[in-house]
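> This structure is in structure tokens; I'll ask about it shortly.
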Amino acid sequence: MPSFPARIESRLPNVGTTIFTVMSRLAQECGAINLSQGFPDFHAEDALFERVAHWMRAGWNQYAPMGGVAPLREAIARKVADLYGTTYDPDTEITVTAGATQALFTAVAALVHPGDEVIVFEPVYDCYAPAIELQGGRVVRLRLAAPDYRPDWDAVAAAITPRTRMIMINSPHNPTATVWSAEDMTRLAALTRGTGIVVVSDEVYEHIVFDGRRHESCARHPELAARSVIVSSFGKTYHITGWKVGYVVAPRELTAEFRKVHQFNVFTVNTPVQFALADYMADASRHEGLAAFYAAKRDFFRDRLAVSRFELLDSHGTYFQLARYAAISDESDVAFVERLTRDTGVAAIPVSAFFSDAHDDRVIRFCFAKNEDTLAAACERLCRV
Ligand code: PMP
Ligand code: GLN
């Protein structure tokens, strides 16, 4: 294959391959237990697979409507209304997407103009900043400081300018496993009051909140709901990260803009899977049981690491556990996870990957969305470090 005959001026000159791909690949090369990229190593229920097969065999294999199939949009509306008290119109305020990543990208593409400022909180999930930069937006990064990673609302107030178009938030938070409180949402509502700022709220871990805490969806807070594009993903909720189906709920004016872009970058999402998810959602116990299911895994993982030299930070939500390794090594977190993968046989994510300046608190992220056997084997290795 001859090479491209001119210089390519990259749209994303500082971007390489995502850390999730890098670490999963290294884990595979080394035969390590992969607690890096966030995905379960167990199956979804057969009942869900049966519904997909049913809809495929019944002939629902052509394009779905652009916004998603009606039964799924209606099921999403019912869930959001039941849990958070805001009723979204399935026709004009709910859109099914190809996962949360596409939803986030499309929301930014639809709403951010060149020169607009978008506030994000670092450590920040890796797809936010590139999406903003590709639209010519300016990423304004605020720091969540270890070890508790709380937002500094005075810093947010100071960062808001007339050019602020959007604030992107994520609770429960990847990678820190923190959960914002009702007070945080009240502060956010107060700071955005009277502005045209859009809140993009990444709530993919909405059902994974522990120890009696409550998920503070923007849909719970009418003032915030009115300015929010809320993103969720079935990947996290039903153990099907590879299916890449999610959704967006937003007021009709924002949904109209969202769909202008959505129709040209995906148009529509896998039809039989949408019908199957609509059927599956009818049983609310499936998402209601998720927090307890993952709390048990978190506790199992933490209990077994209690005798290790890792210092475990709090995990209040998501399926991640942060660990500080300062007692073990003073290597950078990137060097440490590489060595951990190669020599110990357990792969993790260096949290510096979520900072634009590679800020390093000597903290790494483990994913505990795994069978107990996997977690037990990983912990045995980690306790020897
Ligand atoms: N946002 C966050 C915070 C995530 O952790 C993830 C994936 N784990 C996504 C978005 C992307 O979700 P999806 O796989 O549905 O695109
Ligand atoms: N969200 C997953 C994580 O945080 C990774 C998804 C991906 O690989 N893009 O690990």
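The values are calculated or read from the model by the stated rules, or taken from the named source; none is laboratory data. What you see is a predicted model; the values in this text were computed from it and never measured. Glycine gets a Cβ as well: all are built from the backbone with ideal geometry, and neighbour counts include every protein chain shown.
> Tell me, which helices (runs of 4 or more DSSP H) wholly within segment 202-304 include 1 or more residues that are touching a residue at least 40 places away in the same chain (Cβ under 8 Å) and more than 16 Å from ligand 1 (Cβ to nearest atom)?
The helices (runs of 4 or more DSSP H) meeting that bar are 222-225, 252-265, 271-281, 285-288.
> Here's another thing I want to ask about it. Only one of these conditions is not met by residue 169: (1) within 16 Å of ligand 1 (Cβ to nearest atom); (2) over 19 Å from residue 127 (Cβ atoms). Which number is it?
If we test residue 169 against (1) within 16 Å of ligand 1 (Cβ to nearest atom); (2) over 19 Å from residue 127 (Cβ atoms), just (2) comes out false.
> When both residues are 6+ apart or on different chains and their Cβ atoms are under 7 Å apart, which pairs have a first residue that lies in segment 370-385 and is touching a residue at least 60 places away in the same chain (Cβ under 8 Å) and over 19 Å from residue 38 (Cβ atoms), and a second that is among the β-branched types (Val, Ile, Thr) and assigned to a helix (DSSP H, G or I)?
As it stands, the answer is 381/344; 385/344, since those pairs meet every condition given.
> Hey, does segment 194-205 have a residue that's farther than 23 Å from residue 137 by Cα and buried (at least 24 other Cβ atoms within 10 Å of the Cβ)?
Yes, because at least one residue in segment 194-205 is farther than 23 Å from residue 137 by Cα and buried (at least 24 other Cβ atoms within 10 Å of the Cβ).
> In segment 308-320, what residues are in contact with a helix residue (DSSP H, G or I) (Cβ under 6 Å, 6 or more places away or on another chain) and not small (Gly, Ala, Ser)?
312, 319 - these are the residues of segment 308-320 that are in contact with a helix residue (DSSP H, G or I) (Cβ under 6 Å, 6 or more places away or on another chain) and not small (Gly, Ala, Ser).
> Taking residue 309 as meeting all but one of (1) surrounded by fewer than 19 Cβ atoms within 10 Å (Cβ to Cβ); (2) in a helix (DSSP H, G or I), write down the number of the exception.
Going through (1) surrounded by fewer than 19 Cβ atoms within 10 Å (Cβ to Cβ); (2) in a helix (DSSP H, G or I) one by one, residue 309 breaks only (2).
> Shifting gears a bit: With the requirement that a residue be under 14 Å from residue 79 (Cβ atoms) and β-branched (Val, Ile, Thr), what does segment 205-241 give you?
Listed by number, the residues that qualify are 230, 237.
> Could you list all residues from segment 1-43 that are assigned to a loop (DSSP other than H, G, I, E, B), more than 16 Å from ligand 1 (Cβ to nearest atom) and crowded, with 16+ Cβ neighbours inside 10 Å?
Within segment 1-43, just 32 meets the criteria.
> Could you run through segment 241-277 and say how many residues are away from ligand 2 (no atom under 16 Å from the Cβ) and within 18 Å of the chain's Cα centre (by Cα)?
4
> When residues of segment 55-85 are filtered for being closer than 20 Å to residue 205 by Cα, away from ligand 1 (no atom under 16 Å from the Cβ) and in contact with a strand residue (DSSP E or B) (Cβ under 8 Å, 6 or more places away or on another chain), how many remain?
Matching residues across segment 55-85 total 3.
> If you don't mind, another one. Would you point out which residue out of 238, 280 is within 16 Å of ligand 2 (Cβ to nearest atom), of a type in the set (Ser, Thr, Tyr) and on the phi < 0 side of the Ramachandran plot?
238
> For a quick check of your reading of the model, give me the residue pairs whose first member lies in segment 11-38 and is within 29 Å of residue 317 (Cα to Cα) and free of Cβ contacts under 8 Å to residues at least 24 places away in the same chain, whose second is in a loop (DSSP other than H, G, I, E, B) and near ligand 2 (Cβ under 8 Å from one of its atoms), with beta-carbon atoms closer than 9 Å and at least 6 apart or on different chains.
Within 9 Å, the pairs are 21/37; 22/36.
> Here is a further query. When residues of segment 44-60 are filtered for being part of a loop (DSSP other than H, G, I, E, B) and either under 30 Å from residue 21 (Cβ atoms) or under 21 Å from the mean Cα position of the chain (by Cα) (or both), how many remain?
Qualifying residue count for the region: 2.
> Could you list all residues from segment 281-340 that are among the hydroxyl-bearing types (Ser, Thr, Tyr) and touching a Phe, Trp or Tyr at 6+ places or on another chain (Cβ under 8 Å)?
Once the filter is applied, which keeps residues that are among the hydroxyl-bearing types (Ser, Thr, Tyr) and touching a Phe, Trp or Tyr at 6+ places or on another chain (Cβ under 8 Å), segment 281-340 yields 294, 315, 318, 319, 325, 329.
> Name every residue in segment 39-72 that is touching a residue at least 24 places away in the same chain (Cβ under 8 Å) and of a type in the set (Lys, Arg), in order of residue number.
51
> Let me ask something else about it. Look at residue 22 and say whether it is out of contact with any strand residue (DSSP E or B) (no Cβ under 9 Å at 6 or more places or on another chain), modelled with pLDDT under 95 and within 16 Å of ligand 2 (Cβ to nearest atom).
no
> Another one. Evaluate the following for residue 108: is it at pLDDT 95 or above, not small (Gly, Ala, Ser) and not in a helix (DSSP H, G or I)?
no
> Within 16 Å of ligand 2 (Cβ to nearest atom) and either in contact (Cβ under 8 Å) with a residue 40 or more places away in the chain or among the polar types (S, T, N, Q) (or both) - does that describe any residue in segment 142-160?
No, segment 142-160 contains no residue that is within 16 Å of ligand 2 (Cβ to nearest atom) and either in contact (Cβ under 8 Å) with a residue 40 or more places away in the chain or among the polar types (S, T, N, Q) (or both).
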